[in-house]
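The values are calculated or read from the model by the stated rules, or taken from the named source; none is laboratory data. Because the structure is a prediction, the values reported are computed rather than measured. Cβ placement follows ideal geometry from the backbone for every residue including glycine, while neighbour counts extend to all protein chains displayed.
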């Protein structure tokens, strides 16, 4: 993804941040940020905040997998 291209706004994770794009403020989920925007956000957070966000993102991925009955890996793989 180039610096001028923004990800499609999907609002999947519920972890919102305010970002400036083309001189305008927007609220975007962490997963809707560009790599540069994510890096900027991560630099400003302490360990406790990052741990909390990791748990929120893990719960989100789990919920999406449960809702759509999807999994990564081959059929028949053991736990």
*Mind checking whether some residue in region 29-37 is surrounded by 15 or more Cβ atoms within 10 Å (Cβ to Cβ), part of a loop (DSSP other than H, G, I, E, B) and under 14 Å from the mean Cα position of the chain (by Cα)?*
yes
_Every residue from region 51-71 that is under 17 Å from residue 11 (Cβ atoms) and in contact with a helix residue (DSSP H, G or I) (Cβ under 9 Å, 6 or more places away or on another chain)_ = 53, 56, 57, 60
*Give me the pairs, please: first residue somewhere in region 14-40 and in contact (Cβ under 8 Å) with a residue 40 or more places away in the chain, second residue anywhere and surrounded by 13 or more Cβ atoms within 10 Å (Cβ to Cβ) and assigned to a strand (DSSP E or B), beta-carbon distance under 7 Å, and either six or more positions apart or on two chains.*
14/29; 15/29
*Failed item, numbered, when residue 24 is tested on (1) under 18 Å from residue 61 (Cβ atoms); (2) at pLDDT 95 or above*: (1)
*asked:* Which condition from (1) assigned to a helix (DSSP H, G or I); (2) free of Cβ contacts under 8 Å to residues at least 40 places away in the same chain is the one that residue 74 breaks?
replied: (1)
